[in-house]
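Data block below; observations after.
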Amino acid sequence: MVWNSRAALERTDCMSVFVCIILLCIALDQITKLFAIHFLSTVTTVPIIPNVLHLTYVQNDGAAFSLLSGHQIFLIVVTLLFIVLLIYFLYSMPKKRATLSVNIALAMIIGGAIGNLIDRIRFQYVVDFFDFRLIGFAIFNVADVFVVTGCIVVILAVIRGNFPSGEPASESKKD
């Protein structure tokens, strides 16, 4: 009985770290968007590195690359379902050193998704402002950076076989 209580306490401690990561991602996203609204919405673009990186204020009422533009209710519902699913994965994922990067990545994805969800609910669009012109990429924001970075980490974990399966990582088949 003591072991179960200890395991529950360790899981709670780990979850509080991941909740802090989620909150940090949301805060960084919302603060940068606040600056974008106040300083960039009145200008066309601000070149940081001319023809490479600009800060350009955009109101994106779609998803990535403006897909599903104008379908806010659908995007809000899908995002909420996605967030709930990711929270379930984060909660049920083993809290071991081998899965630390995946857990952090899931927290980053959740934080980024919530950051953009806040915009959708509040404004009916998402504030984007990073304009990477060198390759003609879509204009994006800090939440998008967290989501994409988290997804890359999860994909790498799956490719490397570090994504947790039903078997403990320390055991190997000796047959």
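We did not get these values from a lab; they are worked out from the coordinates using the rules stated. These figures come from a predicted structure and were not determined experimentally. Here the Cβ is made from the backbone with ideal geometry for all residues, glycine too, and neighbour counts use every protein chain on show.
Quick notes on this structure:
- Per-residue extension of 0.36 nm, minus the Cα-Cα distance of Val84 and His38, leaves a gain of 13.4 nm for this segment.
- Rounded if a/c under 1.5, otherwise prolate or oblate - region 82-142, Cα gyration tensor axes: oblate
- Highest-first packing order for the peptide set 74-81, 127-134, 142-149 is 142-149, 127-134, 74-81, based on the mean count of other beta carbon atoms within 10 Å.
- Taking 7 Å steps out from each Cα toward its Cβ at Ile152 and Tyr91 produces label points 3.0 nm apart.
- One decimal place: the segment Ala27-Thr45 gains 4.1 nm when fully extended, by the rule 0.36 nm per residue minus the C-alpha distance.
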